[in-house]
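Report on the structure given below.
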Amino acid sequence: MGFGPMMSSLMRSKTGPLLVALQIAVTLAIVINSLFIVVQRVEKINRETGMDINNVVVVYVRGFGDNLDVVSSITNDINLLKSIPGVVAATVSNHVPLSGSGSGTGLRTIADETIDSVNTARYRWGEEGLEALGIELARGRNFFPEEVNYILPDDNIPAPPSILVTQDLADDLFGEEDALGKTVYWGSMEPSTIVGIIGHMQGSWVSWDKLNNVVIQPGKPAYTTNKYLIRVEDGMRDELMPIIEQQLGESNRLRIVKSVRSLEEIASRSYRRDRGMAIILTIVITLLIALTALVIVGLSSFHVAQRTKQIGTRRALGAKRMDIVRQFMLENWLITTAGALFGVLLTVVVAYWLEVSFELPRLDWRYLPIGVVSLWILSALAVLEPARRAASVPPAVATRSV
Amino acid sequence: MFNYNVKLALKSMRRNPIMTSLMVAAIAVGIGVSMTTLTVHYMMSGDPIPEKSDVLFAVAMDSWSPLRPFDEDYPERPPHQLTFHDAERLVEMAQAKRQTAMFESSLIIEPDGQDELPFEAGARVASGDFFAMFNVPFIYGGGWDRSADESRASVVVLTRDLNERLFGGEDSVGRRVTMQGRQFQVVGVIDNWEPTPRFYDPINGGFQEINEMFIPYSLTLGLELGSTGSDWGWKSEDITSFEQWLNSEALWVQYFVELDNPRDRDEYLSYLNAYVGEQKKRGRFERPLNNEIYNVMEWMAFHEVVANDAKVLLGLSFMFLLVCLLSTIALLLTKFVGKTVEISLRRALGASRRVIFKQQIVEVALIGFAGGLIGLGLARLGLSGIEAVYDAPPGLVRLDWVMMFSAIGISIVSGMIAGLYPAWRVCQVPPAAQLKTQ
């Protein structure tokens, strides 16, 4: 029961239901593909950094004038920073992780120029570097203070005897073998020994697929522009940032404090494109779902109003309220399902286009059944109220002339 | 007759306010979303310097490692920055009509007032031809000439903003600015200049604000100016002084030439080939001969200035517009079915099919127009939203007249397309047929 009147009304005006089904199909294709992109981006932004990102402050300073002694300027700055209550550790570093600015290098396990090297981001900082970023050393040891020297821009220093690498880089270099204590070669074919392995840390470029490849050399870069990494006690960051800026600014007039920023903000800037895409697509998805739901509500309300007489007649002939509700729900379900079937096909086509033309990752197939089930629920909710209104049409309507 | 049609349309729209507003909303949202993404795409893919984009060329020469190509994914491509001294040589030889070597740097400005703190300002280090090549507009003064390049004159061209900060916006030509302990003479102040995309340096970001000042390329050595942009290296060299760095194989200088016609272009390429041939004899440029010059639009395409994300959004938002149109058609169809009584009455009273059809079309055009107007408002909102989430310089993306008219046009046309089939269906109602059943 229920199929008879429903089918007859569906068949009488084919175009309307067809259009709604088509709209549902395209909606499904957009929503599933957009949602997949949003989830991908959110996952990317929320990856584990391996650092205490919320409690790290980054200071950029730049010296000028002929009277400036860069080394003593940096030494004084670091001492000053460490004397501020609440500062846990501070170091000068050649680059800031997650900032999008950094230097890359290639390492080899054999000193042979002709074989391909393993690419990695390269950092250089002092013995407090790990502590200043809150990075955990999985195995081996940190740099000894005597291994860390100031490095001036024109110093052509030999490769350091000791380096630290991340586990990801170690795996890329040595595979299954244990990398601790092994020797690697730089582009100059000079060797260095891996003395410590960092469990996990992200490098410079958030969209690089080798983000987790990082090698660290001991040293305190003393360039024109210098970067200080400062870790503060949990929760004190926002309070300490203006204090750091003020104290550094007053202590030395031969260099300027370019900026004091939190590592969290720096990382967030690096992800702004991904975040932007996620926000825009979320808005698109919301608008689209709202629109399609409203259209279903609008159309079913209209149909109910149109068919008042038919409903009244059916009621007069003994159909129960439930039968009327079921008629409309079923009719809607049929249209939705037709749309969903075509929509799944369209979703796959769009996903293929995105994957091939724009190198986006392949759509996870599990999004398809989830999308279809959500669609059923949503469209059932949209038609519920109009169907209830239909059921409240009194049987006596049939006898009235309009 | 038109007025009568409009009156009838308004009446019919009012009779069913929910349906009407749903249709207007559908078109508005569709136009709003697709216009937003279309504007972003249009801005990203626009020609930043239409009057000269086919005579300006970026130069690339393959001085990379003999062992492997610069870009493993595109081995046929030479690296697209030059070494400092190659760029310097090319400028000195001046074989093109105009040429400029350039890179991004920054300097410390020491203001005269005792109370004012020194501050850092971005600089584009370039040759004097830069300004004429790229049609840079000046408020005061002008650029410097080639003799200033050759004599390593300490001259500077300021942007409007920096001139505002240093000299309160007045004509500062001839005044002095202290930078890195050296006195620079201001020779010009440029007006707001925002080529979008920033075609002359897509390597360091295609959509950034321009640098705050310009100084001669020939000052690089004397001031020991490092690049704040990207530098690429392949060779392990002993570098213990700034001069050695400048003479190294590191690539960090961008090079542009102006060539008026295809013959000049060919001649310039053969000149580059001869230059590389000369260098090969000295043991440099060990890779096969591979020089390229790209005009502005080729250069933009090379750097994929239009982000993939923007293309994806454009595609998805036009599918969105399709959904909106499908909704509108479905709604119109349902609505017109409800009007059959009225139509058959009018037909019975002598209205021809054409008259009925016209009247329906006027109604949907009105709906389209209203949707388009609201959609434009939504697009403006969307663009400010995009500026906010992408942290773009204010005013980078805006709706110009072209976009506004196309938005209204697209919405009216799509409204009418959406209305065609329903209107045709309604015209098929036979006169008086509907009247009988009631």
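Derivation of every value follows stated rules applied to the coordinates shown; laboratory data play no part. Source: prediction; values computed, not measured. Cβ coordinates were reconstructed from backbone atoms using ideal geometry, including for glycine residues, and neighbour counts include every protein chain displayed.
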Subject >> Ascending count of other beta-carbon atoms within 10 Å, so fewest first, for B:Val362, A:Val56 >> reply: B:Val362, A:Val56
**OP:** Compute the Rg/Rh shape ratio of chain B: radius of gyration over Kirkwood radius, all on alpha-carbon atoms.
**Re:** 1.18
Subject >> Average beta-carbon neighbours from other chains, 10 Å sphere, peptide B:174-187 >> reply: 1
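Full extension from A:Ile115 to A:Arg47: what is 0.36 nm times the residue separation minus their Cα-Cα distance, to one decimal in nm? Intermediate values should be presented prior to the final figure.
Details: separation 68, 0.36 × 68 = 24.48 nm, distance 3.21 nm.
Value of the extension gain: 21.3 nm.
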Subject >> Sparse-neighbour loop sites [GluC sites (Glu not before Pro); the stretch B:106-179; at most 14 other C-beta within 10 Å; DSSP] >> reply: B:Glu116, B:Glu170
Original post:
What are the GluC sites (Glu not before Pro) within the stretch A:319-381 that DSSP puts in a loop, where the Cβ has at most 12 other Cβ atoms within 10 Å?
Top reply: A:Glu359
Subject >> Filter on A:Lys320/B:Lys11; A:Lys210/B:Lys235; A:Lys309/B:Lys11; A:Lys258/B:Lys235; B:Lys7/B:Lys335 - keep pairs with C-alpha separation over 28 Å >> reply: A:Lys320/B:Lys11; A:Lys258/B:Lys235
**OP:** Please give the FRET efficiency for A:Phe144 paired with B:Arg284, using the beta carbon to beta carbon distance and R0 = 45 Å, rounded to the nearest 0.05.
**Re:** 0.60
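Count neighbours as other Cβ atoms within 10 Å of each site's Cβ, and list the GluC sites (Glu not before Pro) in the stretch A:134-177 that are DSSP loop with at most 16 such neighbours.
Qualifying residues, ordered by number: A:Glu136, A:Glu176, A:Glu177.
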Original post:
Taking neighbour counts of Cβ atoms within 10 Å as a proxy for exposure, in what order, fewest first, do B:Ile49, B:Ile215 appear?
Top reply: B:Ile49, B:Ile215
Subject >> Estimated vicinal HN-Hα couplings, Hz - the stretch B:337-342 in sequence order (Karplus 6.51, -1.76, 1.60; Gly, Pro = x) >> reply: 4, x, 9, 4, 4, 4
Subject >> Added length on full extension, which subtracts the Cα-Cα distance from 0.36 nm per residue, B:Trp193 to B:Arg263 >> reply: 22.1 nm
Subject >> Positive-end residue of B:Gln428, B:Asn290, B:Ile374, charge dipole of chain B with Cβ unit charges >> reply: B:Gln428
**OP:** Order these peptides, A:160-166, B:330-336, by their mean beta-carbon neighbour count within 10 angstrom, highest first.
**Re:** B:330-336, A:160-166
Original post:
Taking neighbour counts of Cβ atoms within 10 Å as a proxy for exposure, in what order, fewest first, do B:Thr178, B:Thr36 appear?
Top reply: B:Thr178, B:Thr36
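Among bridges DSSP assigns within the stretch A:65-253, what percent are antiparallel (round to 5)? Working shown, then result.
Working: 21 of 33 bridges.
Antiparallel: roughly 65 percent of the beta bridges in the stretch A:65-253.
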Original post:
For labels at B:Val341 and B:Val355 in the simple 7 Å Cα→Cβ model, what's the distance in nm?
Top reply: 2.2
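Report, as an integer, the average count of C-beta atoms from other chains found within 10 Å of each Cβ along B:313-319.
Details: counts 7, 0, 7, 13, 4, 0, 10.
Across the residues of B:313-319, the mean count of other-chain Cβ atoms within 10 Å is 6.
Just to verify a number: FRET efficiency for B:Ile417 and A:Ala396, C-beta to C-beta distance, R0 = 51 Å, to 0.05?
On the way: r = 44 Å, r/R0 = 0.86.
Given R0 = 51 Å and the Cβ-Cβ separation, E is 0.70.
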Original post:
Check B:Ile139: other-chain or 5+ apart residues with amide H under 5 Å from its amide H, H built from backbone geometry?
Top reply: B:Val189, B:Ile190, B:Asp191
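What does the C-alpha gyration tensor say about the overall shape of the stretch A:100-174? Classify as rounded when a/c is under 1.5, otherwise prolate if a/b is larger than b/c, or oblate. If you can, show how the numbers build up before the last one.
On the way: a/c = 1.68, a/b = 1.22, b/c = 1.37.
Verdict is oblate for the stretch A:100-174.
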Original post:
Out of B:Val29, B:Thr220, A:Leu35, whose Cα points farthest toward the positive end of the dipole of the protein assembly as shown (charges: +1 Lys, Arg; -1 Asp, Glu; placed on Cβ)?
Top reply: B:Val29
Original post:
If you take every DSSP beta bridge whose two residues both sit in the protein assembly as shown, what share of them, in percent to the nearest 5, is antiparallel?
Top reply: 75
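Pulled fully out, how much extra length does the chain show between B:Arg15 and B:Arg68, if you take 0.36 nm times their separation in residues and subtract their Cα-Cα distance?
Numbers: separation 53, 0.36 × 53 = 19.08 nm, distance 7.33 nm.
Once the chain is fully extended between B:Arg15 and B:Arg68, it gains 11.7 nm.
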**OP:** For chain A, go through all pairs of different Cα atoms, get the mean of 1/r, take its inverse, and jot down that Kirkwood value in Å.
**Re:** 26.2
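Quick one: compute the contact order of the stretch B:63-289, relative version, from alpha carbon pairs under 8 angstrom and 6+ residues apart, as a percent.
That works out to 29 percent.
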Original post:
How many nm separate the modelled label positions at A:Lys309 and B:Val389, each set 7 Å beyond the Cα in the direction of the Cβ?
Top reply: 5.0
Subject >> the stretch A:65-253 - convex hull of the alpha-carbon atoms, volume per residue in Å³ >> reply: 130
Original post:
Residue-wise, which Karplus ³J(HN,Hα) couplings in Hz belong to the stretch B:5-14, taking 6.51 cos²θ - 1.76 cosθ + 1.60, θ = phi - 60°, and x for glycine or proline?
Top reply: 4, 4, 5, 4, 4, 4, 4, 5, 5, 6
Original post:
Of all DSSP beta bridges located in the stretch B:128-285, what percent are antiparallel, nearest 5?
Top reply: 65
**OP:** Could you work out the mean count of beta carbons from other protein chains within 10 Å of each residue's beta carbon in A:59-66?
**Re:** 3
**OP:** Over the protein assembly as shown, consider all pairs of different Cα atoms and compute the Kirkwood hydrodynamic radius from their mean reciprocal separation; express it in Å, one decimal.
**Re:** 31.7
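Can you give the FRET efficiency for B:Phe302 and B:Ser230, using 1/(1 + (r/R0)^6), R0 = 25 Å, r = Cβ-Cβ distance, to the nearest 0.05?
0.95
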Subject >> Where labels lie 7 Å past Cα in the beta-carbon direction, separation of B:Asp47 and B:Leu221 in nm >> reply: 4.0
